[in-house]
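Following: one structure in C-alpha cells, then a few remarks.
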Amino acid sequence: MPLFYQHTINQFAKLAVWHITEPEEFFSNEVSIQNVIAHAHKRIQHLAGRYLLKILKPDFPFHQVQIHTSKKPLLNDEAFHFSISHCGDYAAAIISEQQIAGIDVEIITPKIDLVKNKFLTDFELSLVPVDAGEARKIITLFWSSKESIYKWYGKGALSFKRNMGMEKLFIENDNGFIDAHFIKEEKIDLKIEFQFFDNLCLAWVLK
C-alpha cells in the first residue's frame, strides 16, 4: 500500500500523497468517478485521488460531490473543503473542516524551463536560484503554488501572472513556505506551504 506521504496540517486539516502502482481494480473496488474518462492512466489518477479522500475521511460523502462550472469538485453544503491533484504516478488530496483548500503535486522535469516566462513575473524570476538544478526546483514550486491557488479560488478565468504572485520564499532542507498574494476583486494575502521529495513537489494553501 504505497501511501507515499501523510501530513496533519492542524486539528482541522490534513493531506496525503499516493504513489500509484496498483491496477485500476484496486481503486475502483473502493471508489468510483462521476465522469467517463477514456484514457486509462488518467482514469486511475482520478480514482486514486478519490481513494485518498476516503483515507483522509472514511465517511467522505461522495454522493454529495458536485462539479462547478470551472470543473472544481465541491460539496454544496460546504460541510468541509477538499482539493485533489495528480501528476504522473502520483495523486494528492487535502481536506479541511474550516478553510478553503487547494493542493497541487508536480514532477520536476526540464520541461518547466521552457514555459517559465509564461507564468512568472520578472520579480518572481529574480527569486529563482542561479544553479540550474535548484532553479528547476523553485520554478516547479512556483508553478505548483500557483496551481494550488487556482484550485483554492475554484472559479477559473485567472492569469497566473496578473492574479497571483510569489513575494517571499522561505526554504529549509526540503520544505518551507511562500508569502504570496491573490488579486481579483481585492488583494488577499496567502501562505503556500510546500514539501519536496526527490523529483516531486507538493504545494498547498488554506485560507
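The values are calculated or read from the model by the stated rules, or taken from the named source; none is laboratory data. From a predicted model like this one, the values you see are computed outputs, not experimental measurements. No Cβ is skipped: glycine too gets one built from the backbone with ideal geometry, and neighbour counts run over all protein chains shown. All accessible areas refer to the heavy atoms of the entire protein, side chains included, with ligands and DNA or RNA removed. Shrake-Rupley method; radii C 1.70, N 1.55, O 1.52, S 1.80 Å.
Based on this model, can you work out whether Y5 counts as of a type outside the set (A, V, I, L, M, F, W, C), in contact with a Phe, Trp or Tyr (Cβ under 9 Å, 6 or more places away or on another chain), outside any helix (DSSP H, G or I) and crowded, with 16+ Cβ neighbours inside 10 Å? Show your work before the answer.
On the way: of a type outside the set (A, V, I, L, M, F, W, C): yes; in contact with a Phe, Trp or Tyr (Cβ under 9 Å, 6 or more places away or on another chain): yes; outside any helix (DSSP H, G or I): yes; crowded, with 16+ Cβ neighbours inside 10 Å: yes.
Considered against the rule, which asks whether it is of a type outside the set (A, V, I, L, M, F, W, C), in contact with a Phe, Trp or Tyr (Cβ under 9 Å, 6 or more places away or on another chain), outside any helix (DSSP H, G or I) and crowded, with 16+ Cβ neighbours inside 10 Å, Y5 comes out as yes.
Checking the structure you have, find out if any residue of segment 9-24 is farther than 24 Å from Q195 by Cβ and of a type in the set (A, V, I, L, M). Can you show your working first?
Residues of segment 9-24 farther than 24 Å from Q195 by Cβ: 23-24.
Narrowing the set further to residues that are of a type in the set (A, V, I, L, M) leaves none.
There is no residue in segment 9-24 that is farther than 24 Å from Q195 by Cβ and of a type in the set (A, V, I, L, M).
Where residues in segment 29-51 are of a type in the set (V, I, T) and assigned to a loop (DSSP other than H, G, I, E, B), which of them is most open to solvent (accessible area, probe 1.4 Å)? Can you show your working first?
Taking segment 29-51 and keeping what is of a type in the set (V, I, T), we get 31, 33, 36-37, 44.
Still in the running and assigned to a loop (DSSP other than H, G, I, E, B): 31, 33, 36-37.
On the way: V31: 9, I33: 47, V36: 146, I37: 33 Å².
Result: V36.
Within segment 91-205, which strands (runs of 3 or more DSSP E) (wholly inside it) include 3 or more residues that are under 25 Å from A13 (Cβ atoms) and of a type in the set (F, W, Y)?
Working: elements: 101-107, 164-172, 175-183, 187-197.
Passing ranges, in order: 187-197.
Of all residues in segment 52-84 being assigned to a helix (DSSP H, G or I) and touching a residue at least 40 places away in the same chain (Cβ under 8 Å), which is farthest from the chain's Cα centre (by Cα)?
Let us first name the residues in segment 52-84 that are assigned to a helix (DSSP H, G or I), namely 52-56, 62-64.
Narrowing the set further to residues that are touching a residue at least 40 places away in the same chain (Cβ under 8 Å) leaves 52-53, 55-56.
On the way: L52: 13, L53: 14, I55: 17, L56: 15 Å.
Restricting to residues being assigned to a helix (DSSP H, G or I) and touching a residue at least 40 places away in the same chain (Cβ under 8 Å), the top hit is I55.
Restricting to segment 54-76, count the residues that are touching a helix residue (DSSP H, G or I) at 6+ places or on another chain (Cβ under 7 Å) and either exposed (fewer than 12 other Cβ atoms within 10 Å of the Cβ) or at pLDDT below 80 (or both).
The total comes to 2.
Identify all residues within segment 116-129 that are in contact with a helix residue (DSSP H, G or I) (Cβ under 8 Å, 6 or more places away or on another chain) and not polar (S, T, N, Q); write none if there are none. Step through it out loud before you land on a result.
Taking segment 116-129 and keeping what is in contact with a helix residue (DSSP H, G or I) (Cβ under 8 Å, 6 or more places away or on another chain), we get 116-117, 119-120, 124-125, 127-129.
The answer is K116, F119, L120, E124, L125, L127, V128, P129.
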